[in-house]
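Report on the structure given below.
The values are calculated or read from the model by the stated rules, or taken from the named source; none is laboratory data. Since we're looking at a predicted model, the values are computed, not measured. We place every Cβ from the backbone using ideal geometry, glycine too, and count neighbours over all the protein chains shown. Keep in mind that these areas ignore ligands, DNA and RNA; they rest on the heavy atoms of the full protein, side chains included. Shrake-Rupley method; radii C 1.70, N 1.55, O 1.52, S 1.80 Å.
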Amino acid sequence: MPQPLRLIETSPNPPARADVVVIGGGIIGVFAAYYLARRGLSVVVVEKGRIGAEQSSRNWGWCRQQNRDARELPMATKSLELWEQFAADTGEDTGFNRHGLLYLSDDDDEIARWARWRDFAKSAGVTTHMLSSRQASQRGQATGRAWKGGVFSPTDGTADPAKAAPAVAAALMKLGGTVHQNCAARGIELEGGRVSGVITEAGTIKTRTAVLAGGAWASSFCHQLGVQFPLATVRQSIVRVSPLEQRLPDALAGPRVAVTRRPDNSYILAISGRGRVDPTPQLMRFAPQFVPMFAKRWRNVFPGGLEGIRWGHETRALWKLDAPTPMERARILDPKPDPAGVRETHRRAVELLPALGKAPIASTWAGYIDSTPDGVPGVGEVPGVPGFILAAGFSGHGFGIGPGAGHLIADLVTGAAPIFDAAPFRPDRFNKSAWGKVADF
Ligand SMILES: Cc1cc2nc3c(=O)[nH]c(=O)nc-3n(C[C@H](O)[C@H](O)[C@H](O)COP(=O)(O)OP(=O)(O)OC[C@H]3O[C@@H](n4cnc5c(N)ncnc54)[C@H](O)[C@@H]3O)c2cc1C
């Protein structure tokens, strides 16, 4: 059974022109389009499959500042405000709730790291509470055991990945923006070196601004334009167990597994950072740039198999613009979950929260996480291609920071003062050095 997702109806026929064309209807693309439409621009979203059907509905739903890299923290803090503002402005339900995130540990080094992060976060105006052993054991009483310590971030929360991207797309359409599913963008049309249109399978849409929010497909799409954006996609597996009568914590990260409640009291189980890297031509091309990242995460990242080749999202082949592309052959990237990972995730979750043992596994799925060498996304205009804005490489954090990223994209497109400093996200930063600081979490 696939991951749950609200399906929305959209028009099959894109218009002939628009102020901005957004390629990709995940959380980043729809929020960017929403904030652009609010500024009175005509906006079109083209999505090769269904709105939200790739990473944006396959994730845990965590919207967190806790443990966030310093470069991303302002985006995370703003995003939490924007999730609330979006619901108030539109009445659309994304399932966003600031119920707080709870982390429990028995590891002194980890607890000390959290304390250091708390001190740093305080200087940025973010509150997080270190928990003593007594407090951690009390907050984590559903685990039925004592803990050395923990941390609780009261202003963080989750949104519902089954609802969020479709809700934003629905709000966009109410503002007059148009959304087109089963409509792949095959390429970008240039005139005098500047964007003049987006070529889709349903015809060309004339525009001076194209935003590529293509998730796991972004690098192979850029390659068609001669732009090299280093991405490696990591296949992470998720387990969902059936609704329980007993209420467990909304969002709990134990030492070896994380558990998230969904609105129907079903639970999402996953191992943070664990995944498989499937060898592909793209991986071979960018592998040297990912050495520091994989060296830091080697305990959790395992070699994969042929899934990456099978889906074709990391091809290095150049495709024709007047014939079906790999994106039309893979409308929804739906990789196989890793059976060993699924078993291990379930085992660890039941060990952490024994009540989960009463609920059968309802479904499993996987998603490809588009990761950059430093674990921070690339957002900004691509140098040398005026009018082409890239927003990809969200490295496993893009759902929670989707509203902030979307707002920033709208700022960059309209020339408004950026909602926070855009400099750390420059997409061309990898041209200089691949050996910059890798995000800690
Ligand atoms: C298992 C898992 C757990 C995660 N947990 C969390 C979490 O708890 N919190 C968090 O913040 N983040 C989490 N993430 C990361 C988060 O889901 C992503 O960073 C975020 O959803 C990225 O959004 P996106 O819009 O960039 O990409 P996507 O949601 O992948 O959307 C990209 C869209 O672009 C479309 N597309 C691509 N190319 C084209 C084209 N040429 N033409 C038309 N359409 C195109 C695709 O079909 C797709 O729908 C997790 C990810 C995974 C996989």
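Among the trypsin sites (Lys or Arg not before Pro) found in region 233-262, those both in a DSSP coil and sparsely packed, with 13 or fewer other Cβ atoms within 10 Å of their Cβ, are 247.
Work through the residues other than residue 422 whose Cβ is under 14 Å from its Cβ and net out their charges, Lys, Arg +1 and Asp, Glu -1. Every neighbour counted, the sum reads -1.
Taking all Cα pairs closer than 8 Å and separated by 6 or more residues, the relative contact order of the chain comes to 23 percent. Considering only 227, 20, 277, the mean-square fluctuation computed in a Gaussian network model of the chain, springs between alpha carbons under 10 angstrom, is largest for 227.
Were the residues from residue 13 through residue 39 laid out at 0.36 nm apart, the gain over their Cα-Cα distance would be 7.0 nm. For region 1-136, relative contact order (Cα pairs under 8 Å, six or more residues apart, normalised by length) works out to 17 percent. Comparing 95, 384, 375 in a Gaussian network model of the chain (Cα springs below 10 Å), the most mobile by mean-square fluctuation is 384.
Residues whose amide H falls under 5 Å from that of residue 17, counting only those 5 or more places apart or on a different chain, are 206, with hydrogens built in the peptide plane.
So what's the angle, to the nearest 10 degrees on a 0 to 90 scale, between helix 108-123 and the longest Cα principal axis of the chain? Helix 108-123 sits at roughly 60 degrees to that axis. When exposed loop sites are taken as GluC sites (Glu not before Pro) in a DSSP loop with at most 16 other Cβ atoms within 10 Å, the longest stretch of the chain clear of them is 10-244. Magnitude of the charge dipole for the chain, about its Cα centre and with charges confined to Cβ atoms of Lys, Arg (+1) and Asp, Glu (-1), is about 680 debye. Other residues whose C-beta falls under 13 angstrom from the C-beta of residue 37 contribute a net charge of +1, scoring Lys and Arg +1 and Asp and Glu -1. Around the amide H of residue 63, modelled in the peptide plane, lie the amide H atoms of 157, 158, 159, all under 5 Å away and 5 or more residues distant in sequence or on another chain.
Solvent-accessible area of region 57-202 (1.4 angstrom probe, protein heavy atoms only): carbon and sulfur portion equals 48 percent. Across the alpha-carbon atoms of the chain, the computed radius of gyration and Dmax are 20.8, 66 angstrom. Sequentially through region 26-42, phi angles give Karplus couplings (6.51, -1.76, 1.60; θ = phi - 60°) of x, 4, 5, x, 6, 5, 4, 5, 4, 5, 5, 5, 4, 8, x, 7, 7 Hz, Gly and Pro residues having no value and appearing as x.
Under a Gaussian network description of the chain, with springs only between Cα atoms under 10 Å, the residue in 323, 251, 18 that fluctuates furthest is 323.
Only helices enter the 222 nm calculation for the chain: every DSSP H run of n ≥ 4 contributes -39,500 (n - 2.57), and dividing by all residues gives -8500 deg cm²/dmol, rounded to 500. The spacing between region 110-170 and region 47-106, judged by their C-alpha centroids, is 14 Å.
Rounded to two decimals, the Cα-based Rg/Rh of region 1-52, with Kirkwood Rh, is 1.00. Neighbours of residue 278, meaning other residues whose beta-carbon lies under 11 angstrom from its beta-carbon, give a summed charge of +1 when Lys and Arg score +1 and Asp and Glu score -1.
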